[in-house]
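Asker: Here it is, the structure in full.
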Amino acid sequence: MLVYMKAACTREDLDRVAGVARGLGHEAEPMACGADHAVRVSGGPEPPHPAVFETLPGVARVVPVLRPAWRALRAAGRPDTVVRVGACAIGSGRFALIAGPCAVEGPEQLLAVARAVRLAGADLLRGGAYKPRTSPYDFQGLGAEALELLVRAREETGLPIVTEAVDERSLRLVARHGDVVQIGARNMQNFALLKQVGESGLPVLLKRSMSATLEDLLHSAEYLLDAGNPNVILCERGIRTFSTHSRFTLDLAIVPLLKRLTHLPVIVDPSHATGHARSVPALARAALAAGADGVMIEVHADPAHALCDGPQSLLPDEFAALAAGLRALEAFLERQRETVS
């Protein structure tokens, strides 16, 4: 677990927390978590109850991380991970824009969108070649043909490709043609696939499962890191709750917490979260304000006739307006931070 300290905590406060932990038979390591200080408590037969630390002087809150995920977590002296894909550096401080169609449907459709999002300032092109769908009768993607079309789009626009692998066979093809391999929500806990993706050497965009806790997400990331792949991007895409007003419930509260807990970059997918294109711009701006390192937006030139997730896709001109607004908001927030500091 991580015991976060208040901004005004003293060295004695840190030592007191560490002493209590060690007195209970646990290891304790004071560490820096961004601008905060914390004590990482590990080891011992059973994790201590958070209440043991919550009333100690200088303690702000206690975050249980019940099983080891140390490669994914922050540690003293470990810098933030920056995942470099072409000219884009995700986690570097510049808000990354990933955009494109949910599924590649054909050359005209893909190239039209790729050209439009590139002109609007997108950093990477997303496009599904393989689509794991809830119903076996829904469009499953064009597979290898789609990957060839994505390569063509990259050659014309210069945008690196983000596309999903769903099994070992598709991973081999994605690793050959793509720049970032996406692990979708349905495969977040496909641990055999995670190991293979970790060994592929490609940067990985790991989407949170629709029912996964923060701890579940971190341990899936740990599989990738443990396999030797340091280039992992976490993606919040909404979770399943009792709400019916949107496709999923976007859990933006997880973004600042992940940024405190882990050194990995964190992005948000507001398209899948809401399922409604009209809600996407507001949630994208909220993701930026919450501290995310980027967003992934679905864009389609003809959403009404899209073969996959048309209702949540922005038109190209809508994406262009959103991209311009996000860059303006990014600049405003940076000025605010400079003023405060």
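The values are calculated or read from the model by the stated rules, or taken from the named source; none is laboratory data. Remember, predicted model here, so these are calculated numbers, not experimental data. Positions of Cβ are generated from backbone atoms using ideal geometry, with glycine treated the same way; all protein chains shown enter the neighbour counts.
Asker: Counting only residues that are crowded, with 19+ Cβ neighbours inside 10 Å and in contact with a Ser or Thr (Cβ under 8 Å, 6 or more places away or on another chain), which one in region 59-81 is modelled with the highest pLDDT?
Answerer: A72
Asker: Residues in region 287-307 that are touching a Pro at 6+ places or on another chain (Cβ under 8 Å) and either among the hydrophobic types (A, V, I, L, M, F, W, C) or more than 24 Å from V85 (Cα to Cα) (or both): how many?
Answerer: Adding up the residues that qualify gives 8.
Asker: Right, here's the next one. In this structure, is L214 at pLDDT below 95 and among the hydrophobic types (A, V, I, L, M, F, W, C)?
Answerer: yes
Asker: So if I check each of E145, E155, which one is in the same structural domain as L124 (by TED's automatic domain parsing), over 15 Å from V104 (Cα atoms), among the acidic types (D, E) and out of contact with any His (no Cβ under 7 Å at 6 or more places or on another chain)?
Answerer: E155
Asker: Name the residue, out of L206, L214, L150, that is farther than 22 Å from P101 by Cβ and either β-branched (V, I, T) or in the same structural domain as I254 (by TED's automatic domain parsing) (or both).
Answerer: Of the residues listed, the single one that is farther than 22 Å from P101 by Cβ and either β-branched (V, I, T) or in the same structural domain as I254 (by TED's automatic domain parsing) (or both) is L214.
Asker: Let me ask you something else. Quick check: is even one residue across region 122-133 surrounded by 23 or more Cβ atoms within 10 Å (Cβ to Cβ), within 15 Å of the chain's Cα centre (by Cα), part of a strand (DSSP E or B) and not polar (S, T, N, Q)?
Answerer: Looking through region 122-133, at least one residue is surrounded by 23 or more Cβ atoms within 10 Å (Cβ to Cβ), within 15 Å of the chain's Cα centre (by Cα), part of a strand (DSSP E or B) and not polar (S, T, N, Q).
Asker: Further question on the same structure: Which condition number in (1) crowded, with 18+ Cβ neighbours inside 10 Å; (2) farther than 25 Å from S220 by Cα is the one that V174 fails?
Answerer: Just one mismatch for V174, condition (2).
Asker: Residue by residue through region 197-209, note down the ones that are in contact with a helix residue (DSSP H, G or I) (Cβ under 8 Å, 6 or more places away or on another chain) and buried (at least 18 other Cβ atoms within 10 Å of the Cβ).
Answerer: Hits for region 197-209 are V197, G198, S200, L202, V204, L206, K207, R208, S209.
Asker: Now for a different question. Please tell me if L159 is over 26 Å from L2 (Cα atoms) and touching a Leu at 6+ places or on another chain (Cβ under 6 Å).
Answerer: Yes.
Asker: Now for a different question. Scan region 131-145 and give yes if some residue there is within 23 Å of G294 (Cα to Cα), modelled with pLDDT of 95 or more and among the charged types (D, E, K, R), otherwise no.
Answerer: no
Asker: Of the residues R115, R94, R186, R84, only one is more than 20 Å from the chain's Cα centre (by Cα) and either surrounded by fewer than 23 Cβ atoms within 10 Å (Cβ to Cβ) or under 25 Å from P281 (Cβ atoms) (or both); which?
Answerer: From the options R115, R94, R186, R84, the qualifying one is R115.
Asker: Would you please list the contacts, defined by Cβ atoms under 9 Å and residues six or more apart or on different chains, that run from a residue in region 211-229 that is more than 17 Å from L258 (Cα to Cα) to a residue that is acidic (D, E)?
Answerer: Note: pairs meeting the criteria are A227/E199; G228/E199; N229/E199.
Asker: With respect to the numbered conditions (1) crowded, with 20+ Cβ neighbours inside 10 Å; (2) under 31 Å from the mean Cα position of the chain (by Cα); (3) modelled with pLDDT of 85 or more, which one is the sole condition not fulfilled by E29?
Answerer: Here E29 clears every test but (1).
Asker: Within the set of pairs 6 or more residues apart or between chains, which connect a residue that is assigned by TED's automatic domain parsing to the domain that holds L217 inside region 252-272 to a residue that is surrounded by fewer than 20 Cβ atoms within 10 Å (Cβ to Cβ) and basic (K, R) with Cβ atoms less than 8 Å apart?
Answerer: H263/R78
Listed here are the residues, each with its yes/no results for (1) at pLDDT 95 or above; (2) within 23 Å of A273 (Cα to Cα).
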site	(1), (2)
R154	yes, no
L159	yes, no
E164	yes, yes
R169	no, no
D179	yes, no
I183	yes, yes
Q189	yes, yes
L193	yes, no
L202	no, no
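Each row is one residue, and each column tells you yes or no for (1) of a type in the set (F, W, Y); (2) touching a residue at least 40 places away in the same chain (Cβ under 8 Å); (3) in contact with a helix residue (DSSP H, G or I) (Cβ under 9 Å, 6 or more places away or on another chain); (4) surrounded by fewer than 18 Cβ atoms within 10 Å (Cβ to Cβ).
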{"site": "S135", "(1), (2), (3), (4)": "no, no, no, yes"}
{"site": "D138", "(1), (2), (3), (4)": "no, yes, no, yes"}
{"site": "L142", "(1), (2), (3), (4)": "no, no, yes, no"}
{"site": "G158", "(1), (2), (3), (4)": "no, yes, yes, yes"}
{"site": "I161", "(1), (2), (3), (4)": "no, no, yes, no"}
